[in-house]
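What follows is a single structure, written as structure tokens, with notes after it.
The values are calculated or read from the model by the stated rules, or taken from the named source; none is laboratory data. Everything quoted here is computed from the prediction, not taken from an experiment. Positions of Cβ are generated from backbone atoms using ideal geometry, with glycine treated the same way; all protein chains shown enter the neighbour counts. What goes into the accessible areas is simple: the full protein's heavy atoms, side chains included, and nothing from ligands, DNA or RNA. Shrake-Rupley method; radii C 1.70, N 1.55, O 1.52, S 1.80 Å.
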Amino acid sequence: DPARAKPSPTLYLEALELTAATGGSTEPFSEAAAAALADAGDRALALNANGAAVRFFRAALELLPRGDARRNRLVLRLARTLFYLGDTDVVLLEQARDDLLAGGDPQGAADAEKTLCEHYWLAGARDVALGHLSRARELVAGLEPSPVKARVTQEAARLMMLASRAEEAIRLGED
């Protein structure tokens with residue numbers, strides 16, 4: 001039904017720009033815009049359109065006030081997307097981890113730690129990387145099986161294999 005169609009994320013971006021240029025308030029549509037922009041970022045990320053995902057995630061974050069629980073996961077998604085682009089923002093990843101931990105989201109914090117691990121591993125800082133991996137594993141150790149727990153375990157097995165720790169890699173791979 002065209003009468004019920006939602007505005008596109010691009011229209012929200014244009015509305016935000018025009019509203020800012022005229023000194024208006026985004027209050028009347030900020031909630032809907034934040035949700036639409038975050039969703040558009042997720043869709044762009046799924047399509048490997050990482051640059052577009054970054055733009056949508058940043059725009060959504062600008063609309064959400066500090067302390068809003070939705071910000072924590074959104075900051076993580078932005079930080080991971082920047083990592084995928086090869087433009088890792090370590091401070092943003094650390095902020096995401098800290099905010100997720102403070103908000104009671106150990107899985108999200110573990111995901112941030114895993115991304116920090118990958119960043120430092122690729123940068124050649126093996127010990128720092130393994131420290132982040134260890135913290136990620138600690139965060140998911142007592143949790144029920146989940147996609148994040150599986151990714152952390154997979155990353156641990158992969159890095160143990162690359163570090164010539166075959167027995168540990170095999171044990172982790174069997175988990």
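The structure-derived value of log10 I(q)/I(0) by the Debye sum over Cα atoms at q = 0.10, 0.15 Å⁻¹ appears in the list (1) -0.54, -0.91; (2) -0.34, -0.78; (3) -0.46, -0.88 under the label (3). The accessible-area ordering, largest first, of the residues 152, 91, 128 stands as 91, 128, 152, per a 1.4 angstrom probe. Accessible area per residue was computed with a 1.4 Å probe on protein heavy atoms; residue 88 scores about 40 Å².
Computed over the stretch 91-155, relative contact order equals 30 percent, with contacts defined as Cα pairs under 8 Å that lie 6+ residues apart.
Our estimate of slack between residue 89 and residue 122, defined as 0.36 nm per intervening residue step minus the Cα-Cα distance, is 10.5 nm. When the Gaussian network model of the chain links Cα atoms closer than 10 Å, the mean-square fluctuations of 64, 162, 101 top out at 162. For the set 25, 134, 164, 30, solvent exposure ranked by accessible area (probe 1.4 Å, protein chains only) runs largest to smallest as 164, 25, 134, 30. Approximating the spin labels as points 7 Å out from Cα along Cα→Cβ, the residue 165-to-residue 98 distance works out to 2.8 nm. Per residue, the average separation of C-alpha pairs within less than 8 Å and at least 6 apart gives the stretch 117-175 a relative contact order of 21 percent. When only C-alpha pairs under 8 Å and at least 6 residues apart count, what is the relative contact order of the stretch 1-107, in percent? With pairs under 8 Å counted, the relative contact order is 19 percent.
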